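Notes to accompany the following structure.
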Amino acid sequence: MSKLIIFNKPFQVLCQFTDDLERKTLADYIDIKAVYPAGRLDLDSEGLLLLTDDGTLQAKISDPKYKLPKTYWVQVEGIATQKDCADLIKGVQLKDGMARAVSCKILSEPDLWERIPPIRVRKSVPDSWIELVINEGRNRQVRRMTAAVNLPTLRLVRVAIGAWSLEDLQPGKYKLVDAV
């Protein structure tokens, strides 16, 4: 039976098990051998990371050809509007081509754990939250998409990949689940 791990990656943790620069890695949190990340999250991003020992499952999760939806809660600088969401769904031009959201909606501030360190807050600039679903995963794609509609990302939390979600898993914690 394949292993599948749901991990809540904290801010400033690398999506690998070793690092020459002695930054925090998956090895600081996960003591299960021979599992590998299915996809990645930036050092600056938080939330759901799936790990498995099954290469076929890893490909189904991370390869863009399978179009598995990935759901992000994004705190942005500025007040997101329905037009911003419509533009993200219609598609924005990035340096490496068009990028489209599968869906986008404005969120009230979600009930999340405190980020350490907290985001930089500017009293003169409001912020807001959106839920963005994409089905590919280019490098820093969500951050580049929100920037393209003049809503720079302040905090990025992946909350679901396909049918798998964080639920109430706290940062730095993981659980083994059935790889259905």
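Brief remarks follow.
- Residues Ser128, Ser2, sorted so that the one with the fewest Cβ neighbours within 10 Å comes first: Ser2, Ser128
- The C-alpha atoms of region 69-161 occupy a region whose extents along the principal axes are 33, 28, 22 Å, arranged from largest to smallest.
- Only aspartates and glutamates eight or more places from Lys173 in sequence, or on another chain, were considered; those with a Cα closer than 14 Å are Asp28, Asp31, Glu46.
- Largest first, the extents of the alpha carbon coordinates of the chain on the three principal axes equal 47, 35, 31 Å.
- Net charge over other residues, Cβ less than 9 angstrom from the Cβ of Arg158 (K, R count +1; D, E count -1): +1
- With neighbour counts taken as other beta-carbon atoms within 10 Å, the residues Lys90, Lys70 rank, fewest first, as Lys90, Lys70.
- Over all other residues within a Cβ to Cβ distance under 11 Å of Ala80, the charged ones net out to -3, with Lys and Arg as +1 and Asp and Glu as -1.
- Pairs from the list Lys60/Lys105; Lys24/Lys105; Lys3/Lys105; Lys70/Lys95 with a Cα-Cα gap above 29 Å: Lys24/Lys105; Lys3/Lys105.
- Residue order, fewest to most beta carbons within 10 Å, for Leu14, Leu57, Leu49, Leu43: Leu43, Leu57, Leu14, Leu49
- Unit charges on C-beta of K, R, D, E only; dipole of the chain, Debye: 540
Where a number appears in this text, it was derived from the coordinates with a stated rule and is not lab data. Computed from a prediction, not measured in an experiment: that's the story for all the values here. Don't worry about glycine lacking a Cβ; one is built from the backbone with ideal geometry, like all the others, and counts go over all protein chains shown.
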